[in-house]
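J.: The following block contains the structure, expressed as structure tokens.
The values are calculated or read from the model by the stated rules, or taken from the named source; none is laboratory data. Treat the numbers as computed from the prediction; the structure is a model and nothing was measured. Counting neighbours? That spans all protein chains shown, and the Cβs are built from the backbone with ideal geometry, glycine included.
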């Protein structure tokens, strides 16, 4: 195994193990510890500021006033600063088929002023101002997963 891959993996395991011990001691909620452990591991490896939510909520700075989400059960949300911009990923379960999920998401975004870029029709990519949203859905075993990748491009 490549040492550069093994070290980060070991660090993540150590961080998660420490989180489990702290949870067992009642320091704070296990959910907060998992979120914090993942955030710290990613931040230490990448140097990027990351906000991870695994409790069904959106990252605090998710642009919900700009990017409408369909009704569904949010499983996790991640926010990450990029070179002058921002990326959020929201994953949820949708009550319907994958095609219905994609159509509902696309319809909500279109109603909010998003449009497909020329030449990208049917790809699940929509844009508005400095925002790009990629919508992807898949169904398996009666469960439909819907994912939004929202990018705020750097100004200028």
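J.: Can you tell me which residues in segment 116-135 are farther than 25 Å from residue 55 by Cα, in contact with a helix residue (DSSP H, G or I) (Cβ under 9 Å, 6 or more places away or on another chain) and not in a loop (DSSP other than H, G, I, E, B)?
T.: 126, 128
J.: Residue 83: touching a residue at least 24 places away in the same chain (Cβ under 8 Å) and either farther than 17 Å from residue 67 by Cα or surrounded by 17 or more Cβ atoms within 10 Å (Cβ to Cβ) (or both), yes or no?
T.: For residue 83, the condition - touching a residue at least 24 places away in the same chain (Cβ under 8 Å) and either farther than 17 Å from residue 67 by Cα or surrounded by 17 or more Cβ atoms within 10 Å (Cβ to Cβ) (or both) - is met.
J.: Only one residue in 149, 144, 103 is surrounded by fewer than 18 Cβ atoms within 10 Å (Cβ to Cβ) and more than 13 Å from the chain's Cα centre (by Cα), so which one is that?
T.: Being surrounded by fewer than 18 Cβ atoms within 10 Å (Cβ to Cβ) and more than 13 Å from the chain's Cα centre (by Cα) holds for just one of 149, 144, 103, which is 103.
J.: Can you give me the number of residues within segment 44-92 that are modelled with pLDDT under 90, in contact with a helix residue (DSSP H, G or I) (Cβ under 8 Å, 6 or more places away or on another chain) and under 23 Å from residue 144 (Cα atoms)?
T.: Of the residues in that region, 4 qualify.
J.: Quick check, is residue 96 in contact (Cβ under 8 Å) with a residue 40 or more places away in the chain and assigned to a strand (DSSP E or B)?
T.: So residue 96 does not fit the description; no.
J.: Okay, next question. Give the residue, chosen from 91, 108, 101, that is touching a strand residue (DSSP E or B) at 6+ places or on another chain (Cβ under 9 Å) and in a helix (DSSP H, G or I).
T.: Result of the check over 91, 108, 101: 101.
J.: In segment 117-132, which residues are at pLDDT 90 or above and under 17 Å from residue 99 (Cα atoms)?
T.: Scanning segment 117-132 gives 125, 126.
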